[in-house]
Amino acid sequence: MILSVIAVIAGMINGIFGTGGGIIIIFMLNHLLEKDEDHNNDEEMFKKIMVITMISVIPMSVISAVIYFISGIKEFKLVLSFLPGAVIGGICGAFLMNKFNVKIIKNVFAVTVIYAGIKMFFK
């Protein structure tokens, strides 16, 4: 039940802002699974959370994009110029995730989210 509520909240955040659902999933799953004795290996748990998040974000983003498209928001040129680099970056990042210490990845992620939040707040 709690996972369903998290999924609905993540989907709503993703739909409203066009992004952010993954951050909700990472935060909530990390919080829930750190209490679970079956997931006491921090590195393994974090990698599972990242995979779950990536798989979840795909349908959330596609559905949100379709709804935005139907409502008249169409940015084909920007998407087409951005997409190849994003795909290459995603592939590289997935391979690199296994090369870095999980603590470093978590810290970089946290700093990135905080920085983005501060920039958006003061803009």
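Considering (1) within 18 Å of the chain's Cα centre (by Cα); (2) within 19 Å of Asn14 (Cβ to Cβ); (3) not assigned by TED's automatic domain parsing to the domain that holds Ala7, say which one Val79 fails and leave the rest.
Of (1) within 18 Å of the chain's Cα centre (by Cα); (2) within 19 Å of Asn14 (Cβ to Cβ); (3) not assigned by TED's automatic domain parsing to the domain that holds Ala7, only one is false for Val79: (1).
Of the conditions (1) under 19 Å from Thr19 (Cβ atoms); (2) modelled with pLDDT under 90; (3) outside the structural domain of Lys47 (by TED's automatic domain parsing); (4) part of a helix (DSSP H, G or I), Leu96 satisfies every one except a single condition; which number is it?
Leu96 satisfies all of (1) under 19 Å from Thr19 (Cβ atoms); (2) modelled with pLDDT under 90; (3) outside the structural domain of Lys47 (by TED's automatic domain parsing); (4) part of a helix (DSSP H, G or I) except (1).
So, Val102, is that one surrounded by 10 or more Cβ atoms within 10 Å (Cβ to Cβ), free of Cβ contacts under 8 Å to residues at least 40 places away in the same chain and either over 14 Å from the mean Cα position of the chain (by Cα) or within 18 Å of Ile25 (Cα to Cα) (or both) or not?
No; evaluated as a whole, the condition is false for this residue.
Among the helices (runs of 4 or more DSSP H) lying completely within the range 1-93, list those that include at least 2 residues that are surrounded by fewer than 17 Cβ atoms within 10 Å (Cβ to Cβ) and among the basic types (Lys, Arg).
In the range 1-93, the matching helices (runs of 4 or more DSSP H) lie at 42-70.
The values are calculated or read from the model by the stated rules, or taken from the named source; none is laboratory data. Just so it is clear, the model here is predicted, and its values are computed rather than measured. Note that we place each Cβ from the backbone using ideal geometry, even for glycine, and neighbour counts take in every protein chain shown.
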